[in-house]
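Enquirer: Please see the structure below; I have some questions.
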Amino acid sequence: MKVGSSVNHDKITASQFMFAIVCYVESFALLTAFSLTVTHQDTWIAFLLGMVGALPMIFINLYLIKQYPNQNLIQINRVVYGKPVGSLISVLYCWYFLTLCSLNLRDTGDFLRMSVMSETPSIFIKIPFLVLCSYAVLKGLKIIVRYSTVFAYIGFFALILTTILVSRRMNYHNLFPVLTTSPVKLLQCINMVMTIPFGTSIFLMIAPAVQDQKKVKKSFLTGFFVGALVILIVVIRDIVVLGKISEELVLPSYETMCLSGVTETFQRLDILYVILLVILEYFKISLLFYATSVAISQLLSLKSYKPLVLVIGALILVYSFIIFPSSIVHLAVTQTTIPVLWLLFEYIFPFVTFLCTKLRARKEVPAIKS
Amino acid sequence: MIALVIVSFCLILIFSLPYLLTDKSKYDRTVFFIFYFSIFVICLLEGGGVNLPSPILGLDELLKWLHLSY
Amino acid sequence: MKHRRTVAVVAISLAICLTFTGCWDGRELNTISLVAGVGVDAAKGKSGITMTVQVGKTGQTNNGKEKESPTSKYLNYQKSGDTELGIIRELTHETSRRLFFGHNQFIIFGKQEAEKGIKPQLDFFLRDQETRLDVWLLTSDTTAGEILNTESDLSPIPAMDLAQLIANQKANSESVETDILDFTSKMESEGTSPVIGLVKIDRTTKKPKFLLSGMAAFKQDKMVGEMSEPETRGYLWTMNKIHSGTVDVKVGNSGSSLEILEGSGKISPKLDKNNHVSVSIKITAKLGIREMTDLENVAFPKAGMLLQTACEETIQKRVQACFQKSQVYGTDIYGIGKMIDEKNPKQWDSMKNNWEQIYKKIKPSITVQVQVSDPGQINQFKK
């Protein structure tokens, strides 16, 4: 492969890959409000079922990684669909990663504005954030995921600590009655959960960089399960502590942290949680930023993705302002349209690619035999 | 706002130069400048206060018209 | 390598200096005034509300230089208006410092306002970014403004004293503490009614002071009635929220006092097919004799038994009284409806519309088991 020579130099270890997935999935703790407003106290059931629903697609992705070693999503599309159709699908994926990145940047800015900095215009938060992400992306994938291990561990530790700190406010009766939400709402939430936190097609862009391709399967699955478990615990904790009001809060996990405290000293530790969430969002945005840059540069057959990074950064920034006029529209669209739209990218396209690959393998076998 | 856009795009050009110069491919530079100027225009419009349409909202309307959303 | 380390250290220091100040949100302590307590009353005459905000005076410590220090370190602002945020912004015409609600200890609702319904007023406290979900809620038996204007001897800021008083109610277990989170959860659930602690003004002494006693029962967000201290104790027994306190009994002519060492209560509703609800309340308590008079003629083990029976009766009466009062008001303060919903959601759906009528007909069966565990430091004060 001629294109993307600087991409192939970047190698990451399998454990870094695993922790990158953990951080990526864990960062959804910021956005649990999307699902809590739909299914209320049954949200944890939707998450469990969403985990199960996401598994087939993870196995399809793993199959594609194995069939096309050291080739990322754009290259796979080109091989499977041929140049014209493959390029079209790749253009759609570039738009998809760009949109994901802008949405996450928008969420981070809104979160900081709503929780701690209510008067600072979000642009002054987003510009330094993006500068840091651009620096990481320019230096390469290795730098982006280097600290994922540390922050994944900090995330676990913070989860355990915060759960202990709010334990005196937990009321398990808030989880009952179970399964009283309508099946349509449950399906809507499962769809949302399958596509937004558990949508892992971005890792098809990053998996080729793993040094030991044999360990990719194990790392992918472990990372996914660990991240999903963390999110599940966060959701259950929020429902159990906040009760009915969790359906109406915009930032339920932040409010849970506001209520935390054991003695007079260890009170109101929400600011530490804010810092942790911002760090996890940094990982997610950097990974998506990297994926977008690499996708665009591979699509256009550029020698290296690095010149375009800063320009794409500007595009992500301006896109994050255009994308939704307000957070009310953001909530409405994320709950209704986005799950369906993201299904196309996370499930339908990989599935079709999988089928084409299988058919091609079947065609080749009789050709060899004869 | 527009001043901020202009200043930041100058900075982007300055910081992207090292990567451009190592490339030595005309095609790469052309692509870079196409992106640079189109995104510059978008940012100027947004900084100038023009309400740019959002692709997601457009798709949202489309899916609602097709009755494909919840 | 050294060069990189210096750059890293400088970068981190710059980042900390520039970002930890809070950017445009940075507020210096001398530009804000810390709100310690908020009171909401119905506005006199016209519609709308009157808000009273108690603010602590921060700042100058005298370092012993001035011999006379100011006696009061608080300030009450009061204004009327239609919405709470409107009133707070109106106050900026008067206050030189911006009001900061992050350390607000409680919100008191005046009796009139509580009877009208407090949901519209709670919206601001839930929606605003500075206010927190764990502020205490209190109802006053007069107006909130009066409570906030009452001075306290123990603390220069009365609101802090009242907040400490709320925390200390565990010692007598005759008052409830509710915060916004609990109240809103119970208000929005169909099978529960919330309760809020009552604060009154004691005018029997020369200087009026506040006292917390009893609770107010709410139907959704409107206050429907008050409950006295013994009834509140009955409520706490049933809800398993007893911490400490005394049970005062009278055996014959003598009065004795037993301290509650441990107490637990369980309320279990049972639903049969005809939507008939039966409730059983089981209370167990471990008491210790702390004061015993006039029982010297009785042999000590028998005296213990007499006290035990007397305590069981007293506790049963209180639990019964509370349940009956709640039935009179038609408020399901125990959450029986919610418990039924948890186990039999389908049957609850058919019952929830006339739950009040069903609740009023419930006859609870109350069993109390008391164990008098220790007599204190002496057995019997012989003549």
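The values are calculated or read from the model by the stated rules, or taken from the named source; none is laboratory data. None of these values were measured; they are calculated from a predicted model. Positions of Cβ are backbone-derived with ideal geometry, glycine not excepted, and every protein chain shown enters the neighbour counts.
Enquirer: With segment C:88-172 as the region, which helices (runs of 4 or more DSSP H) entirely inside it contain at least 1 residues that are among the acidic types (Asp, Glu) and in contact with a Phe, Trp or Tyr (Cβ under 6 Å, 6 or more places away or on another chain)?
Expert: Numbers: elements: C:111-116, C:119-127, C:144-149, C:158-168.
Qualifying helices (runs of 4 or more DSSP H): none found.
Enquirer: Considering (1) within 22 Å of the chain's Cα centre (by Cα); (2) assigned to a helix (DSSP H, G or I), say which one residue A:250 fails and leave the rest.
Expert: Going through the list (1) within 22 Å of the chain's Cα centre (by Cα); (2) assigned to a helix (DSSP H, G or I), residue A:250 breaks only (2).
Enquirer: While we're on this one: Might you let me know whether segment C:351-369 holds any residue that is assigned to a helix (DSSP H, G or I) and either within 14 Å of another protein chain (Cβ to nearest Cβ) or over 25 Å from residue C:221 (Cα atoms) (or both)? Reasoning before the result, please.
Expert: Narrowing segment C:351-369 to residues assigned to a helix (DSSP H, G or I): C:351-360.
If we keep only those that are either within 14 Å of another protein chain (Cβ to nearest Cβ) or over 25 Å from residue C:221 (Cα atoms) (or both) too, we end up with C:351-352.
Taking every residue of segment C:351-369 in turn, at least one turns out to be assigned to a helix (DSSP H, G or I) and either within 14 Å of another protein chain (Cβ to nearest Cβ) or over 25 Å from residue C:221 (Cα atoms) (or both).
Enquirer: Determine whether residue C:68 is more than 26 Å from residue C:150 (Cβ to Cβ), loosely packed, with under 11 Cβ neighbours inside 10 Å, away from chain A (no Cβ under 14 Å) and modelled with pLDDT under 85. Explain how you work it out, then say what you get.
Expert: Numbers: more than 26 Å from residue C:150 (Cβ to Cβ): no; loosely packed, with under 11 Cβ neighbours inside 10 Å: yes; away from chain A (no Cβ under 14 Å): yes; modelled with pLDDT under 85: yes.
Criteria not met by residue C:68.
Enquirer: Could you say which residue among A:316, A:328 is among the aliphatic types (A, V, I, L, M) and either touching a residue at least 40 places away in the same chain (Cβ under 8 Å) or not in a helix (DSSP H, G or I) (or both)? Step through it out loud before you land on a result.
Expert: Working: A:328 fails: either touching a residue at least 40 places away in the same chain (Cβ under 8 Å) or not in a helix (DSSP H, G or I) (or both).
The conditions single out A:316.
Enquirer: Being in contact (Cβ under 8 Å) with a residue 40 or more places away in the chain, more than 18 Å from the chain's Cα centre (by Cα), within 13 Å of chain C (Cβ to nearest Cβ) and not in a helix (DSSP H, G or I): is that true of residue A:241 here? Can you show your working first?
Expert: Values: in contact (Cβ under 8 Å) with a residue 40 or more places away in the chain: yes; more than 18 Å from the chain's Cα centre (by Cα): yes; within 13 Å of chain C (Cβ to nearest Cβ): yes; not in a helix (DSSP H, G or I): no.
Taking the combined requirement at face value, the residue does not satisfy it.
Enquirer: Please verify whether segment A:170-182 includes one or more residues that are touching a Leu at 6+ places or on another chain (Cβ under 9 Å) and within 13 Å of chain C (Cβ to nearest Cβ).
Expert: Yes, segment A:170-182 contains a residue that is touching a Leu at 6+ places or on another chain (Cβ under 9 Å) and within 13 Å of chain C (Cβ to nearest Cβ).
Enquirer: Counting only residues that are surrounded by fewer than 23 Cβ atoms within 10 Å (Cβ to Cβ) and within 17 Å of the chain's Cα centre (by Cα), how many does segment C:183-196 have?
Expert: As a first pass, look at segment C:183-196 and keep what is surrounded by fewer than 23 Cβ atoms within 10 Å (Cβ to Cβ): C:183, C:185-192.
Applying the additional criterion that residues be within 17 Å of the chain's Cα centre (by Cα) yields C:183, C:185-187, C:192.
Of the residues in that region, 5 qualify.
Enquirer: I'm trying to understand the selection: among the residues of segment C:80-101, which are more than 15 Å from residue C:121 (Cα to Cα) and without any contact (Cβ under 8 Å) to a residue 40 or more places away in the chain?
Expert: The answer is C:89, C:90, C:91, C:92, C:93, C:94, C:96.
Rundown of residues vs (1) within 14 Å of chain A (Cβ to nearest Cβ); (2) more than 18 Å from residue C:154 (Cα to Cα), yes/no style:
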position	(1), (2)
C:172	no, yes
C:177	yes, yes
C:185	yes, yes
C:191	yes, yes
C:197	no, yes
C:202	no, no
C:214	no, yes
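Enquirer: Say whether the condition of being assigned to a helix (DSSP H, G or I), crowded, with 19+ Cβ neighbours inside 10 Å and either at pLDDT below 90 or polar (S, T, N, Q) (or both) is met by at least one residue in segment A:219-236.
Expert: The answer is yes, given that some residue of segment A:219-236 is assigned to a helix (DSSP H, G or I), crowded, with 19+ Cβ neighbours inside 10 Å and either at pLDDT below 90 or polar (S, T, N, Q) (or both).
Enquirer: Please go through segment A:88-99 and give me each residue that is crowded, with 24+ Cβ neighbours inside 10 Å and under 14 Å from residue A:322 (Cα atoms), ordered by number.
Expert: Scanning segment A:88-99 gives a single hit, A:99.
Enquirer: Determine if segment C:107-126 includes at least one residue that is under 15 Å from the mean Cα position of the chain (by Cα), free of Cβ contacts under 8 Å to residues at least 60 places away in the same chain and closer than 30 Å to residue A:256 by Cβ.
Expert: no
Enquirer: Of all the helices (runs of 4 or more DSSP H) wholly in segment A:27-82, which have at least 1 residues that are over 11 Å from residue A:190 (Cβ atoms) and of a type in the set (D, E, K, R)? First the steps, then the outcome.
Expert: Numbers: elements: A:33-39, A:43-67, A:73-81.
It comes to A:43-67, A:73-81.
Enquirer: Among the residues of segment A:187-201, which ones are crowded, with 23+ Cβ neighbours inside 10 Å and farther than 16 Å from residue A:223 by Cα?
Expert: A:189, A:190, A:192, A:193, A:195
Enquirer: A further question on this structure: Please enumerate the residues belonging to segment C:209-227 that are crowded, with 16+ Cβ neighbours inside 10 Å, over 16 Å from the mean Cα position of the chain (by Cα) and either polar (S, T, N, Q) or assigned to a loop (DSSP other than H, G, I, E, B) (or both).
Expert: none
Enquirer: Here's something else I'd like to know. Just to confirm my filter: which helices (runs of 4 or more DSSP H) fall fully inside chain B and include at least 1 residues that are over 24 Å from residue A:95 (Cβ atoms) and either of a type in the set (D, E, K, R) or within 9 Å of another protein chain (Cβ to nearest Cβ) (or both)? I'd like the intermediate steps shown before the answer.
Expert: Numbers: elements: B:2-23, B:26-48, B:55-65.
Per the criteria, B:2-23, B:26-48.
Enquirer: Looking at segment A:321-342, which of its residues are within 17 Å of residue A:110 (Cα to Cα), of a type outside the set (A, V, I, L, M) and surrounded by 18 or more Cβ atoms within 10 Å (Cβ to Cβ)? Reasoning before the result, please.
Expert: First pass over segment A:321-342, keeping only residues within 17 Å of residue A:110 (Cα to Cα): A:321-334.
If we keep only those that are of a type outside the set (A, V, I, L, M) as well, we get A:321, A:324-327, A:330, A:334.
Within segment A:321-342, A:321, A:324, A:330, A:334 meet the criteria.
Enquirer: To continue, here is another question. Does residue B:2 count as closer than 30 Å to residue A:188 by Cα and aliphatic (A, V, I, L, M)? Before you say what the answer is, go through the steps one by one.
Expert: On the way: closer than 30 Å to residue A:188 by Cα: no; aliphatic (A, V, I, L, M): yes.
No: the conditions fail for residue B:2.
Enquirer: Within segment C:183-200, identify whether any single residue is free of Cβ contacts under 8 Å to residues at least 60 places away in the same chain, in the same structural domain as residue C:110 (by TED's automatic domain parsing), within 20 Å of residue C:126 (Cα to Cα) and among the β-branched types (Val, Ile, Thr), and answer yes or no. If you could, list the steps in order and put the result at the bottom.
Expert: Keep residues of segment C:183-200 that are free of Cβ contacts under 8 Å to residues at least 60 places away in the same chain, which gives C:185, C:188.
Remaining after also requiring in the same structural domain as residue C:110 (by TED's automatic domain parsing): C:185, C:188.
Checking the rest, the ones that are also within 20 Å of residue C:126 (Cα to Cα) come to C:185, C:188.
Now drop any that are not among the β-branched types (Val, Ile, Thr), which leaves none.
There is no residue in segment C:183-200 that is free of Cβ contacts under 8 Å to residues at least 60 places away in the same chain, in the same structural domain as residue C:110 (by TED's automatic domain parsing), within 20 Å of residue C:126 (Cα to Cα) and among the β-branched types (Val, Ile, Thr).
Enquirer: Checking the structure you have, find out if any residue of segment C:180-195 is assigned to a strand (DSSP E or B) and in contact with a Leu (Cβ under 6 Å, 6 or more places away or on another chain).
Expert: If we filter segment C:180-195 for residues that are assigned to a strand (DSSP E or B), which is where we start, we get C:195.
Next cut, in contact with a Leu (Cβ under 6 Å, 6 or more places away or on another chain) only: none.
No - not one qualifying residue is present in segment C:180-195.
Enquirer: Given the condition closer than 15 Å to residue A:291 by Cβ and in contact (Cβ under 8 Å) with a residue 12 or more places away in the chain, answer yes or no: does some residue in segment A:76-86 qualify?
Expert: First, the residues of segment A:76-86 that are closer than 15 Å to residue A:291 by Cβ: A:76-77.
Adding the requirement that they be in contact (Cβ under 8 Å) with a residue 12 or more places away in the chain leaves A:76-77.
Within segment A:76-86 (the criterion being closer than 15 Å to residue A:291 by Cβ and in contact (Cβ under 8 Å) with a residue 12 or more places away in the chain), the answer is yes, since at least one residue qualifies.
Enquirer: Any chance segment A:72-81 includes a residue that's among the polar types (S, T, N, Q), in contact with a Pro (Cβ under 6 Å, 6 or more places away or on another chain) and closer than 27 Å to residue A:352 by Cα?
Expert: Step one: list which residues in segment A:72-81 are among the polar types (S, T, N, Q), which gives A:72, A:75, A:77.
Still in the running and in contact with a Pro (Cβ under 6 Å, 6 or more places away or on another chain): A:72.
From the residues that got through so far, the ones that are closer than 27 Å to residue A:352 by Cα too are A:72.
Yes, that holds for at least one residue.
Enquirer: Six or more apart or on different chains, Cβ atoms under 6 Å: show the pairs whose first residue is in segment A:293-311 and within 9 Å of chain B (Cβ to nearest Cβ) and whose second is among the β-branched types (Val, Ile, Thr).
Expert: These pairs meet every condition: A:300/B:31; A:301/A:3; A:309/A:137; A:310/B:12; A:311/B:39.
Enquirer: Could I ask something else about it? Can you find a residue in segment A:158-177 that is crowded, with 21+ Cβ neighbours inside 10 Å and assigned to a loop (DSSP other than H, G, I, E, B)?
Expert: Yes, segment A:158-177 contains at least one residue that is crowded, with 21+ Cβ neighbours inside 10 Å and assigned to a loop (DSSP other than H, G, I, E, B).
Enquirer: Sort out which residues of segment C:123-134 are closer than 23 Å to residue C:165 by Cβ and more than 11 Å from chain A (Cβ to nearest Cβ), and write them in order of number. Reasoning before the result, please.
Expert: Filtering segment C:123-134 down to residues closer than 23 Å to residue C:165 by Cβ leaves C:125, C:131-134.
Result: C:125, single match.
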